[in-house]
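Structure record follows, encoded as structure tokens.
We did not get these values from a lab; they are worked out from the coordinates using the rules stated. From a predicted model like this one, the values you see are computed outputs, not experimental measurements. Ideal geometry is used to build each Cβ from the backbone, glycine not excepted, and the neighbour counts take in all protein chains shown.
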Amino acid sequence: MALKYAKSGSVPLTDERVRLADIIYRRSFGRGEIKLASGRTSDFYFNLKPTMLDPEGAALLAELTLAALAEDNVDYVGGLEMGAVPIAGAIAQLSYIKGKPLPAIFVRKKPKEHGAKLAVEGLAKGESLAGKRVVVVEDVTTTGGSAMKAVEAVRDAGGEVALVFTMVDREEGATEFFAENKLPFRALYRASEFLKR
């Protein structure tokens, strides 16, 4: 499926994108006061898990994300647990089906205290992120702090972070934060697209 992009290069303009926005709005967007991971309070929220775990939602997230990453030449996709795990898994599966396998990893919020005590999961024995280009994915991004934990873990493991890519940017400072940290940042959707519905 050929996807068209807006002039910004980051936002696909397709029937699939419209359909996924409808699923996110119905299953994952809500109004009402909530405390965010950043500590801020807001009168709207995104809980993307009902979309990420919905068969059609998962398929569309993977399809549109793979399309958005087509020109980025990355070796791995992954991010911080729990939000990145369903996304990375769906992307890895779809990439294999499409004949261009993109392996997935995830970063634990806290390394396990037993077993291999890993911070980065998904690598087989003998595999390493050293010298590999990684796209850090996130379900919803507010300030960028959570994604930065994954960035740091990937770098500590020897990987290069090529891009931070979020499904929904709440537009509350992440763009500026990643610019200050010299990290490319793109979003599949912006919060304003849902707020004006």
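With a Förster radius of 25 Å, plug the Cβ-Cβ distance of ARG197 and MET82 into 1/(1 + (r/R0)^6) and report the FRET value to the nearest 0.05. So the FRET efficiency works out to roughly 0.40. With the convex hull drawn around the C-alpha atoms of the chain, the volume per residue stands at 128 Å³. Extending 7 Å from the Cα toward the beta-carbon at both ARG31 and GLN93 defines two label points whose distance is 3.5 nm. Taking GluC sites (Glu not before Pro) across the range 123-197, the ones in a DSSP loop with at most 16 further Cβ atoms lying within 10 angstrom of their Cβ are GLU127, GLU171. Calculated FRET efficiency, ALA124 to ARG155, Cβ-Cβ distance, R0 = 30 Å: about 0.90 to the nearest 0.05. Using a cut-off of 28 Å between Cα atoms, the listed pairs LYS100/LYS132; LYS98/LYS196; LYS125/LYS149; LYS110/LYS182; LYS49/LYS100 include LYS98/LYS196 as exceeding that distance.
Look at the dipole of the chain built from charges on Cβ: of VAL154, PRO50, ALA92, the Cα furthest out on the positive end belongs to PRO50. Mean projected area of the Cα convex hull of the range 144-197, taken over all directions, amounts to 3.7 nm².
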